[in-house]
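One structure is given here, and the rest of the page talks about it.
Every read-out reported here was derived from the displayed coordinates using simple, explicitly stated rules and does not represent laboratory data. Since the model is a prediction, treat every value here as computed from it, not as a measurement. Cβ coordinates were reconstructed from backbone atoms using ideal geometry, including for glycine residues, and neighbour counts include every protein chain displayed.
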Amino acid sequence: MTRKLLEQLLDSHVSIPMLVVRDGVIVSQNAAAQALHGEAGRPIGPLLDARSRDKLAHAIATAPASCEVQARLGGDDLVTVRIAVVALEAGEHLLLVASVGAEYSERMATQLLAANDQLANLTRELSRRSAELDAARSRFESLADLREHFISMLAHDVRGALQGIVLSAQVLEDSNVNVSPEQLRSAAGRIRRSGARIASLTDKVLDAARSEAGAIVLDAHPTSLRGVTAETVDTYAPIAARAEVGIEVVDRLDNEIVTADPVRLGQVIGNLLENALRYSRAGDVVTVELTDAPEYLRIVVRDQGPGIAADLRQRVFERFVRGAGRPGSLGLGLYVARQLVELHGGHIHVEDAVPRGAKFVIELPRSRGRTEPLA
Amino acid sequence: MSRLIDRFRTAILSGDFPAALAVAREARELGLPVLYEQVAAPALVQVGELWQQGRISVADEHIASALTQSVLASFYPSFVWAVTGPKGIVACVPGERHELGARMAADLIANDGWNLIYVGSDVPLEALLTRVVHEDPVFVGLSVGMPERLPAVREAIARLRVAAPHCKLVIGGRAVATEGALALGADLTASSASGAVEAIRRWKR
């Protein structure tokens, strides 16, 4: 750029502030620059924030270049400006100063407002999570107590069943050759029932452990809900008869086919029936009601027992949690039932039955059974 | 109550955080719904009107709104969270920017015994779907303030129906006031935060 051209540029009434700098001193400038900071002949350094001086020095050393700096223009307040640096002859540089003004402030404001939103959201989530952690810790502590209780109860149950086997064996051993067919049948029956009891207890413990580890894989295929229910009710009929409790099936199914693992589905219904029978008294009736909609099928198991207190309704599906005052349960049946229902992509919950009792409701999607283990 | 509103509006318009917090504490003593629906929300409506009348700048309005956010957020640590309560999720539809109302609704629902997760604004739909499948809530509430976001609501609802068929869907916010819930595919339209609290109570389980 010739000296003449430069002078013409500085004399033109361009509103962009322009300065010519040599060795850190403003040697000439246009009117817009003069209006900003005053007369030429002064060093440019004091007009800039300390850190900005290095930035500008770097831009001058590598010109043509540009940099964003904090400058004191016409007052003590720092404002942000962008400076374009062009090298002239004889160690001089032309500086063009552009305001980053309105658009910049607007972008900053938008970002700050968004950050403020995020901060409020984070505060909320942190506070909620902290409450969740507290609740989890206290659940963990009570789980440790429950686990201890569970082990002693399991040991007690297994020992009771084993005692039945030992006593029956002893009867057979003592009676030597004089054992009557009646005594033989009775002892064999006791051994079989005790063995079955131990097998059932260990099955539950194993199922709970497997489902917790995500190791249960469904063999899901189109299955008759009516058929599975009938088989399960049939299995539990003798136990119900002994307790003088009726089981009634109310079948309102239109389309009874569900994609499910029939063995696991039977186990779910069985666990709910076992639970209902445990809380029933002689003369009560346990109802199994089956209904369906295009997308899902519903199984409702209703008893006439004492019902489940509101504060226990979520927790009854957790491991080792049992209703009050009823021995003979490991507190795993409902836990396993929920795991299996969820593995089928369904839901289970409990509510109050009318006029009394508990009502367990299972909803299964008609064709959304998952075959992979739960993560 | 109008005195509390006046004091709160004056404080947020002058950027006076301590004063705004003091008024909010007084209102909080009377209950969270009082603070949210009878003090903070009306004060913000008045701030909006002042801007409409050209008596304050958009910057003043932004500062007032941001200050309100901060004041309300300062109560979170003392919230009693119903973490064992039934779960719900409230989100703004993707692209939505007016989120104070949605979070106030979320807090009032949480205050009614729900374990309410608020996922905020500008949540990509995929992220929302993943969260819903993971958390398995009883309901998802979608807030939409701007009418141009209604197609996004329709899409979100359709995708949620597939991803979480058992989940109830509620929509709220200014933009849905004139739209029926059914037209958008939701189960329920909430006309106000307290209306939503009342309406979804029957879904608690």
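How crowded by other chains is A:112-122, given as the mean number of beta carbons from other chains within 10 Å of each beta carbon?
6
To the nearest 0.05, how large is the calculated FRET efficiency for B:R174 and A:S99 if R₀ is 41 Å and r is the Cβ-Cβ distance?
It comes to 0.65.
What is the Å³ per residue value for the convex hull set by the Cα atoms of region A:276-316?
Convex hull of Cα atoms, per residue: 85 Å³.
Taking only Cα atoms, what is the 0 to 90° angle, nearest 10, from helix A:50-61's long axis to the longest principal axis of chain A?
Tilt relative to chain A: about 70 degrees.
Under 5 Å between amide H atoms, partner at least 5 residues away or on a different chain: which partners does B:N115 have, H built in plane at 1.01 Å?
Amide H neighbours of B:N115, under 5 Å, 5+ apart: B:G85, B:K87, B:G88.
Kindly put B:W114, B:W51 in sequence by how many other C-beta atoms sit within 10 Å of each C-beta, fewest to most.
If I rank by nearby Cβ atoms, fewest first, I get B:W51, B:W114.
Give the long-range amide H neighbours of A:V25: residues separated by 5 or more places, or on another chain, with amide H under 5 Å away, using H modelled in the peptide plane at 1.01 Å from N.
The answer is A:I44.
Using the alpha-carbon atoms, what tilt in degrees (0 to 90, nearest 10) does helix A:262-278 show relative to the longest principal axis of chain A?
70
Would you mind ranking B:K168, A:K4 by Cβ crowding within 10 Å, fewest neighbours first?
Fewest-to-most ranking of B:K168, A:K4: A:K4, B:K168.
Averaged over peptide B:93-105, how many Cβ atoms belonging to another chain are found within 10 Å of each residue's Cβ?
Counting Cβ atoms of other protein chains within 10 Å of each residue's Cβ and averaging gives 1.
Give the Debye-formula value of log10 I(q)/I(0) at each listed q (0.25 Å⁻¹), with one equal scatterer per alpha carbon of region A:3-100, two decimals each.
Results for region A:3-100 at q = 0.25 Å⁻¹ read -1.62.
Just list whichever of A:K204/A:K359; A:K204/B:K87; A:K359/B:K168 have alpha carbons separated by over 26 Å in the model shown.
Pairs exceeding the cut-off: A:K204/B:K87.
For chain B, take the alpha-carbon Rg, divide it by the Kirkwood Rh, and send me Rg/Rh.
0.98
By how many nm would the segment from A:S66 to A:R185 grow when fully extended, if each residue of separation counts as 0.36 nm and the alpha-carbon distance is taken off?
Result for the pair: 32.7 nm of gain on full extension.
Need one number: nm distance between label points at A:V79 and B:A59, each 7 Å from Cα along Cα→Cβ, rounded to one decimal.
1.2
Among B:Y76, B:Y118, B:Y36, which one shows the highest mean-square fluctuation when chain B is modelled as a Gaussian network with alpha-carbon springs under 10 Å?
B:Y76
Seen from all sides and averaged, what is the projected area of the convex hull of the Cα atoms in the protein assembly as shown, in nm²?
The orientation-averaged projected area of the Cα hull of the protein assembly as shown comes to 40.1 nm².
Can you pull the one-decimal nm distance between simple spin-label points at B:D136 and A:A293, each 7 Å off the Cα toward Cβ?
So the label points at B:D136 and A:A293 sit 1.9 nm apart.
What spacing in nm lies between the two simple spin-label points modelled at A:E342 and B:R97, each 7 Å away from Cα in the Cβ direction?
Going from the A:E342 label point to the B:R97 one covers 4.0 nm.
For A:R159 and A:H13, FRET efficiency with R0 = 60 Å and r from the beta-carbon atoms, rounded to 0.05?
My answer for the efficiency is 0.05.
Taking 1 over the mean of 1/r across every pair of different Cα atoms in region A:218-375, what Kirkwood radius in Å do you get?
After inverting the mean inverse Cα-Cα distance, the result is 15.6 Å.
Could you calculate the contour length gain from A:H149 to A:E244, that is, 0.36 nm times the residue separation minus the distance between their Cα atoms, to one decimal place in nm?
Value of the extension gain: 31.2 nm.
If you take the beta carbon distance between B:R3 and A:L112 as r and set R0 to 35 Å, what does 1/(1 + (r/R0)^6) give as a FRET efficiency, to the nearest 0.05?
Plugging the Cβ-Cβ distance into 1/(1 + (r/R0)^6) gives 0.65.
Using a 10 Å cut-off around each Cβ, can you sort B:F8, B:F17, B:F139 from fewest to most neighbouring Cβ atoms?
B:F17, B:F139, B:F8
On average, how many beta carbons from a partner chain sit within 10 Å of the beta carbon of a residue in B:70-82?
4
Order the peptides A:191-198, B:83-90, A:84-91 from the highest to the lowest mean number of other Cβ atoms within 10 Å of their residues.
For the peptides A:191-198, B:83-90, A:84-91, the packing ranking is B:83-90, A:191-198, A:84-91.
Multiply the residue separation of A:A309 and A:A237 by 0.36 nm, subtract the distance between their alpha-carbon atoms, and state the gained length in nm to one decimal.
Extra length from A:A309 to A:A237 when fully extended: 23.2 nm.
Enter the angle in degrees (range 0 to 90, nearest 10) between the Cα long axis of helix A:225-242 and the first principal axis of the Cα atoms of chain A, meaning the one along which they spread out most.
Helix A:225-242 sits at roughly 50 degrees to that axis.
From Cα pairs below 8 angstrom and at least 6 apart in sequence, can you work out the relative contact order of chain B, rounded to a whole percent?
17
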